[in-house]
Amino acid sequence: MAGFVAKKLCPELIMLKLNFDKYIAKAQEVREIIVDYDPRFESASIDEAYLNITEYCRTNDIAPEEAVEQLRMEVHEKTKITISAGIAANAKLAKICSNMNKPNGQFSLPRERNAIMAFMRDLPTRKVNGVGRVFERELDAVGVKTCGDIYQYRQYLAKLFGDKAFAFLMQCYLGLGRTTVQPAEEYERKSVGTESTFGEMGNPVELRDKLRATAEELEKDMVRTQFKGRTLCLKVKLHTFEVFTRQVIPPKAVYLAEDLYKYSLPMLSKLEQEFPGMKLRLMGLRCTHLVSMKKPDTMAFFGFKRKSTSDQTESESPSSDTAKRKADSLDNAGEGQWESWPDELLFEDAERQEREDEMQELETLSQEIDKRRHHGKEIVPNPKKGEEVEEDWWDCPICGRPQAASEREFNEHIDLCLSRQTIRDVVQETAESRSRDQTPVPKRAKMGNEKGRERGVGGDPKQRRLCFG
DNA sequence: GCGGATCAG
DNA sequence: ATGGCTGATCCGC
């Protein structure tokens, strides 16, 4: 929870200063213990790790639950901190399970299909890594609250959310996830960047100084990580909190502050033209399409290829039921045409009707998503029947409006209040009222076809996700 | 490939 | 009257 929100909720709250050096040192202590359980464990972050304890359990002739119990005990004794763990058939499930008995607990999900499917069936989509605030709401809008709900909507999900999301959701429904674990260092880095927030800045000279400073910061990181970048990306956040990025491909791979500045300056100047009177509150530089400066030895040690030409490991998408039936019907048409001729006609008619119904349903679902996208913040869930109606209210620390005094609903509301869309709406409204006064409002870079609908805020590419006809 | 958006930690 | 920073991935164009 954001500090300022917590402080409003609990004015007597005592806030300690961060001490990252301390956390890093402590994390190292923990890692020195877990390495004994899996020498190739994967650090997911400073306080998370994935272990494949298959081998450990085998050689020590011990059950996974026992091994983890022992690991947690050992960590507690040696480092004086408590940890939680999940034990499951793959990384996705283990991550979910690790949250089941927090703090200082563990949860084991049987490595058996039926148990896994049953577990997923009632699991809220939000519990899955990769489903955030936005996706959760969109899924909710079409009626998918739990991973079990996914199956009944399967025919619409690819069209509504794309093929990748569809594959992802099917894997959620089935409880599938990766079973590989490898040291983090063996993952190939894709970018190096730095950014910083500061008080509003509009002075072009100051902005150039800031760009120079940013370039110098990035050079440090490039040297530390031993990379050059083929692409250079400039990121800015305007005083309105709108974020923009611009990128260039310099004539050579870059990493020196000198070059980073030289090639990013034109992007900054162009943005100044695009948004006359531009005031920034954040600036960042990032290099992508990295080229390693490390000695070949080190690279080869981790088994990196010189220039990896993408290896398509993507599993092929399962063909839908309707597609299969279609194929079946086509096959049948090959042989038994005689007898089945009248049936075929009937069948085709029924199929056409079904297609039209599906189309109608799809549009309804799509509209449902759009509806919540726009004024989702205004939707107040109806009090459930049978429950006594709450008499008292809690004031939201952000919008100040009274909210139902239910912990869950209150937290959901705070979530909503902090959501980007809400923020953007507010920004837009204030920007409009400002422009009615005199202050020049940033002029937008060509916004395509926009005929006054949607309050002029940038054309959300997902807003109209389907085109019929 | 570019630029926007979402997500995680 | 918005949490900041780093990095990854996906989508539409």
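A short reminder: the numbers here are calculations on the coordinates, not readings from a lab. Given the structure is predicted, the values throughout are model-derived calculations rather than measurements. Note that each Cβ is placed from the backbone with ideal geometry, even for glycine, and that neighbours are counted across all protein chains shown.
Under 14 Å from a point placed 7 Å out from the Cα of A:Val35 along the Cα-to-Cβ direction: which residues of region A:41-67 have their backbone N that close?
Correct set: A:41-43.
Residue by residue through region A:142-151, which ³J(HN,Hα) values in whole Hz follow from phi under the Karplus form 6.51 cos²θ - 1.76 cosθ + 1.60 (θ = phi - 60°), with glycine and proline marked x?
9, x, 9, 9, 10, 5, x, 5, 4, 4
Summing Lys, Arg as +1 and Asp, Glu as -1, what charge do residues with Cβ under 11 Å from the Cβ of A:Asp122 carry, A:Asp122 excluded? Before the final figure, lay out the partial values.
Numbers: positive: A:Arg121, A:Lys127, A:Lys145; negative: A:Asp149.
Summing Lys/Arg as +1 and Asp/Glu as -1 gives +2.
Sorted from fewest to most neighbouring beta carbons within 10 Å, what does the list A:Ser191, A:Ser84 look like? Please report the intermediate quantities before stating the final value.
Details: A:Ser191 13, A:Ser84 17.
So the ranking, lowest neighbour count to highest, is A:Ser191, A:Ser84.
Quick one: net charge around A:Cys57, please, counting Lys, Arg +1 and Asp, Glu -1 for every other residue with C-beta under 11 Å from its C-beta.
Values: positive: A:Arg58; negative: A:Asp38, A:Glu55, A:Asp61, A:Glu65, A:Glu66.
After counting each charged neighbour, the total is -4.
By counting other Cβ atoms within 10 Å of each Cβ, how are A:Tyr173, A:Tyr37, A:Tyr23 ranked from fewest to most?
On the way: A:Tyr173 23, A:Tyr37 20, A:Tyr23 12.
Ascending number of Cβ neighbours within 10 Å: A:Tyr23, A:Tyr37, A:Tyr173.
Within region A:1-63, list the GluC sites (Glu not before Pro) lying in a DSSP loop whose Cβ has at most 13 other Cβ atoms in a 10 Å radius. Walk me through the numbers before you get to the answer.
Working: sites: A:Glu12, A:Glu29, A:Glu32, A:Glu42, A:Glu48, A:Glu55; in loops: A:Glu12.
Loop-located and lightly packed - A:Glu12.
Give the order of A:Met73, A:Met222 when sorted by the count of other beta carbons within 10 angstrom, beginning with the fewest. Show your work: numbers first, answer last.
On the way: A:Met73 11, A:Met222 23.
If I rank by nearby Cβ atoms, fewest first, I get A:Met73, A:Met222.
Pop out the ³J(HN,Hα) list for region A:110-123 in order, Karplus 6.51 cos²θ - 1.76 cosθ + 1.60 with θ = phi - 60°, rounded to Hz; leave Gly and Pro as x.
3J(HN,Hα) across region A:110-123, in whole Hz: x, 8, 9, 3, 5, 5, 5, 4, 5, 5, 5, 3, 9, 7.
Given a cut-off of 22 Å, name the pairs among A:Lys210/A:Lys235; A:Lys8/A:Lys127; A:Lys8/A:Lys102; A:Lys7/A:Lys235; A:Lys190/A:Lys294 whose C-alpha atoms lie farther apart than that in the structure shown.
Values: A:Lys210/A:Lys235 12 Å; A:Lys8/A:Lys127 27 Å; A:Lys8/A:Lys102 26 Å; A:Lys7/A:Lys235 31 Å; A:Lys190/A:Lys294 15 Å.
In this structure, A:Lys8/A:Lys127; A:Lys8/A:Lys102; A:Lys7/A:Lys235 exceed 22 Å between Cα atoms.
Determine the shape class of region A:1-160: with a ≥ b ≥ c the square roots of the Cα gyration tensor eigenvalues, call it rounded for a/c under 1.5, and otherwise prolate if a/b is greater than b/c, oblate otherwise.
The shape class here is oblate.
List the GluC sites (Glu not before Pro) within region A:157-258 that DSSP assigns to loop and that have no more than 16 neighbouring Cβ atoms inside 10 Å.
Numbers: sites: A:Glu185, A:Glu186, A:Glu188, A:Glu195, A:Glu200, A:Glu206, A:Glu216, A:Glu217, A:Glu219, A:Glu242, A:Glu258; in loops: A:Glu188, A:Glu242.
For GluC sites (Glu not before Pro) across region A:157-258 that sit outside H, G, I, E and B with at most 16 neighbouring Cβ atoms in 10 Å, the list reads A:Glu188.
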